[in-house]
Each structure stands twice: as C-alpha cells, then as structure tokens.
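Following: one structure in structure tokens, then a few remarks.
The values are calculated or read from the model by the stated rules, or taken from the named source; none is laboratory data. This one's a predicted model, so the numbers in the text were calculated from it and none came from an experiment. Every residue, glycine among them, receives a Cβ derived from its backbone with ideal geometry; neighbour counts consider all protein chains shown.
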Amino acid sequence: MPFTLNEQMNAVYQKGLETIQKYEAEILREWQKILTEFKGKRAKKWEALEETVAFLSHCLFHWKKEKPQFHVNNRPLNANPFFVTFLEDTVHNVIQEHARQSDHDYMAIHYLFSKINEEGFLQQFQQNHSLESFLDYMVASTLLPIEAIAVIGKKGERFAVEKIFAKDHAVAASTNFLEADTIFGISETLLRRFHHNKKDQYTLIPVPHDDCTLLISLPKEDASRILPFILFSLQMFKDSKKIVQLTKESQEWKDAVILFNEKIIGSRSLTEALENIAGGFVELLPFERCAIFSYSSDEQIGAGLYGWHLDTEAIRGITEDIQNLPLVHNRLKLLNNYGKKLKYIQPLFIADVKGVFPDRYVRRFQLKTVVLAPIYLSAKSQLLGAAILDQGPNKPFTVDQNTVYALIKFGQSAGEILAKYSDEISLKAKRHFSPREIEVLKLLAEGLSTFEAAVQLNLSEYTVRDYVSAIMQKMNVKNRTEAVAKAIREGLI
C-alpha cells in the first residue's frame, strides 16, 4: 500500500485511469457522437471541442503500458475548461450504464480529470521552463560566447546525440543521429562539425545534468571564465525545477481535502456519514484501517461507532474510560487548559501502542503504530471524537507532514458533519457499556453467579445486580443468558 499522501493520491489517479480504460471503446464512441451532433449546431466551437477530445483521448488511452504521473503530453491545449467538465460527465454516464459505479470510482475519475485539466492549462508555463527552452536561451544569448550545446544520452551501450542547440541551425540539423562508443568520440566529431578549421580555438566541456550529459562548446580563451557561470545557472535551473515539483507535491493534501469534503458532504444519515468519513480517511490517505470513536467530555468516555476494514460490531462494542489511556488523557488535559482558544488539534502519532493502549485491544486488533486524528468542531472548539488509523495488522509506519495537514482538515470537516447527528451519537453512546459492566458480563459468561461475581469484584451483590439490570436494559433482553449470548455475538466480550 502507499506510504505517503502523495503516493496515495497518485494511487487515486491511477485508479481513475484504470477504470476509464476498461471502457475505452464505449467512451470514444460516445465522444464521437457528441462531436457529430456538436458540429452541426455550434460550428464555431466545434474545433475547440474536437481538440479537447483529441487531447483527452491521448491522456486517457495512449498510455496503455505506462503508469503516468501527474503530467500530460507536450501538445498545447487550446480549449474551454467547460468542455473538459462536459466530457468528464459523459465518462461517468457511460460507466454507470455498463456497471455500478462506486463512490470511490467516481472520486478517482473526478480527481483524474481535475489533474489533467490543471496540467493541461499549465502546459505553456511548463514548456517555457523546460530544459530545452533554457538551453536554447543560453545559446541564443549575445552575452554568452556559447556556440552550441549538445544533449547526449545513452542508447544501449553507446552514447547518442539527442538534441543540438546551436547558433548555426544548419550545423544543428547536420548532427542528428550521431552515435559513438564514448563521450570523447562524440566530442571529437562534434568539434569538427561545429568549427571546421577553427577546431583548435574551441573546446567541448562535458557537464552531467540529470540523466544526460551536456557538451558545451566554448572558445578556449573564455572557457575558464564562463564555465563557472554556466554551472551555476544550470544548478539554479535544476533547483528551481525541484522547488516547483516540491510545491506541487505539497499541495496534494489540499486535493485530498477537497475530495474528502465532496465525499462526506452528501451524507444523509449518521450511518452514511460514518461510512463516508471512515472510507475517506482510508481511500485518500495512506492508511489501511480506520475506527471512528465518539468522545464524551462529561463522562471522559470514548465509544466506538464504526470500523473500516475492521469488524464494526467489535468497534461498537468498545467503551473505554479515557483515563485508561494515559497518553491520550494527558493530551486532553493539556487541551482543556486552552479552553475555547483552539481552532484545530494536532493528530497524535503513537509509534508503538504497547503500554499505551490496553493489551486486550493491542492483541485483538493486532495494533502496532497508530495515528489518532481528532474529530473537532472548530466553531465551538469541541472535541467530538477521533479516527484511529493504521496501515494494517502489526504494521509500523511513519507519517509525513502533508498527511498531518490533511488529517487536521479531515478531522475538522468530519466534525462539521457529525455535529449534525450529535443527539443520535449521544443515544448510541448511552447504549455502550462501562468498563465495570463489561467486567460483569465477562464473569457471567464464565458461569459465575451474581454473588460470586460480587466477591471477585469486591462489590456488594446488590451493586452487581444493578449492573446486570442496566446491562439487560441496554441490550433489550429478558435475562442474563440472553445478555451473555448477545454480548458474545456482538464481540463485546
């Protein structure tokens, strides 16, 4: 599974691409039908629509064996973004006609189109900041005595000229397809072709750059003076490309937040909201399992509500006094000191839950590393609960900063949705059992009488009977036998 948020978002992108490619023929047929109808009705816009269809067809269906990252082809796109959205809608309709489209499929396809749209309209900027445009500018500059730059790559075991940038365009055209066993061999040939009888006055300096080598032609008398500037400029160009890429990657968490909000905002019930929230945490972030818990500040109790890739009934059977989780309890005490000042709460990363969570949960759910993402209502500075997340049974992992940003926003959005169902959540919490009630249930399951249970728990028999009555009322059963059977069936004990 993906280990970072950027990898997870790329997996969402790939999911959208793979889903669409299953219906290539049907989608292209529908787009062609639209083109035909559009041509007769809106001739002025037809060419833009045709170009958009060609562009999307290339992006979606011409990468059969590759796994494209967030990039598109090098052809410029001159189309109204409305057409991209319009054609995306037809994709959803086609897939819905042939198969039941899941929410995850819809989300993945929507994300794919949003990235294609974004990258497509950034192409002009990207082309102007490519290595080719940079080298072309350096050679064309009258301030630098650079006669030519050759881009050399590997072709099997040999070296080959990939592109030439030269003040003399005829020279550049004549050196295409040049190959040699060594860089030195190519350098000698290029030096002769570039400068003919002036070969002794020039030098070709090899400069490694990414996965290629640049051969830069300079007058020998200027080489020592100009080369440091060229090396500095290339490094600055390389650094700027890295900064652009890092900036784009740092924005992926915002894409995840947008998709998460779209997923949960349409929830029409508490059950649907819990499913969408838990599913969103796992589908959009680098996690495998998610458990949603409510939190009662008055009783200091956490109660399970829902599990994703976990037994939901087992999660719902959990009611835990927060004081039994010292690390969490201490964090809550710290938060309470800030009162109404906090607008968000940082997630809590626990590298190893052993000794932090009760052993029975660690063993039962095979816990190792977990993240607690607060579900927080910012408007009231109120903690409603938490999402407990991990990457699978007994799996250690780390969390990058982008994931932390996303977790904060996910928790805030989830808080806004779950606040609508606060009364229903409170009723569900009342259905939960206190740790003492769970202890009584376990002793009854072992066959102990109320008297024997009272002795073992160091309580009066009357107190144990009160616990039993409360348990039977919560479980809506008529006797202790039914209560024990239902508790075992629901995973409470």
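Residues in the stretch 206-252 that are aliphatic (A, V, I, L, M) and buried (at least 16 other Cβ atoms within 10 Å of the Cβ): 8 in all. One residue alone among Gly415, Gly447 is part of a helix (DSSP H, G or I) and not aromatic (Phe, Trp, Tyr), and that residue is Gly415. Candidates are the residues of the stretch 253-275 that are buried (at least 23 other Cβ atoms within 10 Å of the Cβ) and of a type outside the set (A, V, I, L, M); the one that is farthest from Phe433 (Cα to Cα) is Trp253. Residues considered: Glu88, Glu97, Glu118. Of these, the only one that is of a type outside the set (Phe, Trp, Tyr), assigned to a helix (DSSP H, G or I), modelled with pLDDT of 85 or more and surrounded by fewer than 18 Cβ atoms within 10 Å (Cβ to Cβ) is Glu97. Looking at the stretch 390-399, is at least one residue assigned by TED's automatic domain parsing to the domain that holds Ile350, part of a strand (DSSP E or B) and within 30 Å of Asp255 (Cα to Cα)? Yes - at least one qualifying residue is present in the stretch 390-399. Against the list (1) surrounded by 19 or more Cβ atoms within 10 Å (Cβ to Cβ); (2) among the β-branched types (Val, Ile, Thr); (3) not assigned by TED's automatic domain parsing to the domain that holds Asp321, the condition Val282 fails is (3). Taking the stretch 70-85 as the search range and keeping residues that are assigned to a loop (DSSP other than H, G, I, E, B) and surrounded by fewer than 19 Cβ atoms within 10 Å (Cβ to Cβ), which one is modelled with the lowest pLDDT? Checking each candidate, the answer is Phe70. Is it the case, given these coordinates, that Phe113 is surrounded by 14 or more Cβ atoms within 10 Å (Cβ to Cβ) and modelled with pLDDT under 90? Here the answer is yes, as Phe113 does meet what is asked.
Scanning the stretch 342-377 for residues that are in a strand (DSSP E or B), farther than 17 Å from Glu288 by Cβ and either modelled with pLDDT under 90 or of a type in the set (A, V, I, L, M) (or both) gives Leu348, Ile375, Leu377. Determine, yes or no, whether Gly302 is surrounded by 22 or more Cβ atoms within 10 Å (Cβ to Cβ), touching a Gly at 6+ places or on another chain (Cβ under 8 Å) and of a type outside the set (A, V, I, L, M). The answer is yes for Gly302.
Here's the yes/no breakdown for (1) under 21 Å from Leu234 (Cα atoms); (2) surrounded by 19 or more Cβ atoms within 10 Å (Cβ to Cβ):
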{"site": "Glu147", "(1), (2)": "yes, yes"}
{"site": "Val151", "(1), (2)": "yes, no"}
{"site": "His169", "(1), (2)": "no, no"}
{"site": "Phe184", "(1), (2)": "no, no"}
{"site": "Lys199", "(1), (2)": "no, no"}
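The condition (being in contact with a helix residue (DSSP H, G or I) (Cβ under 8 Å, 6 or more places away or on another chain), assigned by TED's automatic domain parsing to the domain that holds Ala314 and surrounded by 19 or more Cβ atoms within 10 Å (Cβ to Cβ)) is satisfied by just one residue among Phe287, Phe194: Phe287.
To keep it simple, each residue is scored yes or no on (1) of a type in the set (D, E, K, R); (2) within 30 Å of Ile109 (Cβ to Cβ); (3) in the same structural domain as Val139 (by TED's automatic domain parsing).
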{"position": "Ile216", "(1), (2), (3)": "no, no, yes"}
{"position": "Glu221", "(1), (2), (3)": "yes, no, yes"}
{"position": "Leu246", "(1), (2), (3)": "no, yes, no"}
{"position": "Ala273", "(1), (2), (3)": "no, yes, no"}
{"position": "Phe293", "(1), (2), (3)": "no, no, no"}
{"position": "Asp298", "(1), (2), (3)": "yes, no, no"}
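Here Tyr405 meets the list (1) part of a helix (DSSP H, G or I); (2) buried (at least 19 other Cβ atoms within 10 Å of the Cβ); (3) aromatic (Phe, Trp, Tyr) almost entirely, failing just condition (2). When the criteria are applied in full, Ile471 meets the requirement of being over 25 Å from His329 (Cβ atoms), within 45 Å of the chain's Cα centre (by Cα) and not assigned by TED's automatic domain parsing to the domain that holds Arg316. From the list Ile315, Ile322, the lone residue that is touching a residue at least 24 places away in the same chain (Cβ under 8 Å), surrounded by fewer than 21 Cβ atoms within 10 Å (Cβ to Cβ) and over 21 Å from the mean Cα position of the chain (by Cα) is Ile322.
For first residues located in the stretch 284-304 and farther than 18 Å from Asp103 by Cβ, partners that are aromatic (Phe, Trp, Tyr) and lie 6+ apart or on another chain with Cβ distances below 7 Å form the pairs Pro286/Phe3; Arg289/Trp308; Gly302/Phe293; Gly302/Tyr295; Ala303/Phe293; Gly304/Phe293.
Looking across the stretch 442-478, just one residue is hydrophobic (A, V, I, L, M, F, W, C), at pLDDT 90 or above and closer than 19 Å to Arg316 by Cβ, and that is Ala445.
Filtering the stretch 254-266 for residues that are under 27 Å from Tyr137 (Cβ atoms), among the polar types (S, T, N, Q) and either at pLDDT below 90 or outside any strand (DSSP E or B) (or both) leaves an empty set. Assigned by TED's automatic domain parsing to the domain that holds Thr481, among the small types (Gly, Ala, Ser) and at negative phi: which single residue out of Ala387, Ala406, Ala454, Ala419 fits that description? Testing whether each residue is assigned by TED's automatic domain parsing to the domain that holds Thr481, among the small types (Gly, Ala, Ser) and at negative phi leaves just Ala454. Condition (residue is touching a helix residue (DSSP H, G or I) at 6+ places or on another chain (Cβ under 6 Å), within 20 Å of Tyr361 (Cα to Cα), of a type in the set (Phe, Trp, Tyr) and not assigned by TED's automatic domain parsing to the domain that holds Lys115) applied to the stretch 304-316: is it met by at least one residue? Looking for residues that are touching a helix residue (DSSP H, G or I) at 6+ places or on another chain (Cβ under 6 Å), within 20 Å of Tyr361 (Cα to Cα), of a type in the set (Phe, Trp, Tyr) and not assigned by TED's automatic domain parsing to the domain that holds Lys115, one finds at least one in the stretch 304-316, hence yes.
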